[in-house]
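What follows is one structure encoded as structure tokens, with my remarks underneath.
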Amino acid sequence: MHKVPVGVLGASGYAGRELCGLIAQHPDLELAFAGANEQRGQRARIGASEVTYVATEDAPLGKAEVVFTALPHGASAKWVGNARATGARVVDLSSDFRPGSDAGANGAQAPYGLTELMRARIPEAQIVANPGCYPTAVLLAIAPLLKEGWVVPGATINVSAASGVTGAGYSVRPDLLFAEVAEDFRAYSVGNQHRHIAEMQAVTRELGGKENDILFTPHLLPVARGILATITVPVREYIEDPAALWRGFYQGEPFIEIAEAPPSLRDVVRRNVVRLSVTNAANLRQPTLIIISAIDNLMKGAAGQALQNANILLGLAEQTGLPA
């Protein structure tokens, strides 16, 4: 059976390795190359397969029908262009082509790959801008409210979210050493200055929240992977079953789960899903909803969603090769 050749640039990072593992288990794909400059020539065991990394500049881009670029932000756009020059289609996991960023996209048309909301734009795309992990958890949680006009005009959407340490990337940093992270919990990028803010604000406005700001405070969890976001949204009025809006909006979506109880990381780790709960907030004068959103930052927040988008690009069943 013919398999579609795909390549991964930035294959030695957390998201890149996750992608290589998913590709190895995908029934319709095969890995044409795995690019990783600092580990060029080294072999890595990924799942049941062994991968030999090649230098990024030596990657045979022309052998792949789809190239995943999991390179650092600001460095990815060049290699997206190189891959496109060979005729390959690209799913880019950096921020370079996402809404709110002009880090190097040079005006290229790259639909935003928040699959459940932007699916119609993806099949004919040459480049797909894969969303960030925090924006995936937040935007899929608030999209039904924005689309249906439930959010109070001018209200601020408050997000307090915590991520495992793999969200910070693979580079060595003293503040991410085990002894620094274990038995601790801390906020970072305080002051609404996280690099994902522009992406979330831009998409919020596109979804209908033109008068709404997002106040985002991220935290570092002493775990390897996963994101748990607590989102409070002022709404026009309470209804008895607010989750009914989400159940209807995401009906038939295999990777969206609406739960009665607040989700935990154990519900989503190593799965390509977003698990959500919605609750009316009591003891407030302003009607407010509390949304809890949980994802695996390396799956639905990165590699899993990238593969979901690649399946659409290739005309394959969207769930193929993805753990639900």
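The values are calculated or read from the model by the stated rules, or taken from the named source; none is laboratory data. Remember, predicted model here, so these are calculated numbers, not experimental data. Neighbour counts run over all protein chains shown; Cβ positions are idealised from the backbone, glycine included. Remember, those area values only see protein heavy atoms, side chains included, never the ligands or the DNA or RNA. Shrake-Rupley method; radii C 1.70, N 1.55, O 1.52, S 1.80 Å.
Please determine, by comparing only the residues of region 146-163 that are small (Gly, Ala, Ser) and assigned to a strand (DSSP E or B), which one is most open to solvent (accessible area, probe 1.4 Å).
The qualifying residue most open to solvent (accessible area, probe 1.4 Å) is SER160.
Take region 196-223 and flag every residue that is exposed (fewer than 14 other Cβ atoms within 10 Å of the Cβ) and part of a loop (DSSP other than H, G, I, E, B).
LYS210, GLU211
Mind listing just one residue for me: the one in region 137-163 that is farther than 11 Å from ILE231 by Cα and of a type in the set (Gly, Ala, Ser) and, of those, farthest from the chain's Cα centre (by Cα)?
It comes out as GLY154.
If you take the residues in region 32-58 that are surrounded by 13 or more Cβ atoms within 10 Å (Cβ to Cβ) and of a type in the set (A, V, I, L, M), which one is nearest to VAL4 (Cα to Cα)?
ALA32
Of the residues that make up region 185-195, is at least one under 18 Å from the mean Cα position of the chain (by Cα), outside any loop (DSSP other than H, G, I, E, B) and under 25 Å from MET299 (Cβ atoms)?
No, region 185-195 contains no residue that is under 18 Å from the mean Cα position of the chain (by Cα), outside any loop (DSSP other than H, G, I, E, B) and under 25 Å from MET299 (Cβ atoms).
In the set ALA64, ALA77, which member is open to solvent by less than 40 Å² (accessible area, probe 1.4 Å) and modelled with pLDDT of 95 or more?
Residue meeting the stated conditions: ALA64.
Kindly evaluate VAL172 against the criterion of being modelled with pLDDT of 95 or more and either under 30 Å from GLU38 (Cα atoms) or touching a helix residue (DSSP H, G or I) at 6+ places or on another chain (Cβ under 6 Å) (or both).
no
Looking at region 1-18, which of its residues are open to solvent by 10 Å² or more (accessible area, probe 1.4 Å) and of a type outside the set (Phe, Trp, Tyr)?
The answer is MET1, HIS2, LYS3, VAL4, PRO5, GLY10, SER12, GLY13, ALA15, ARG17, GLU18.
Any residue in region 19-31 that's surrounded by 18 or more Cβ atoms within 10 Å (Cβ to Cβ): show its pairings with residues that are of a type in the set (S, T, N, Q) at Cβ separation under 7 Å, as long as the two are six or more apart or on different chains.
If the second residue must be of a type in the set (S, T, N, Q), the pairs left are HIS26/THR320.
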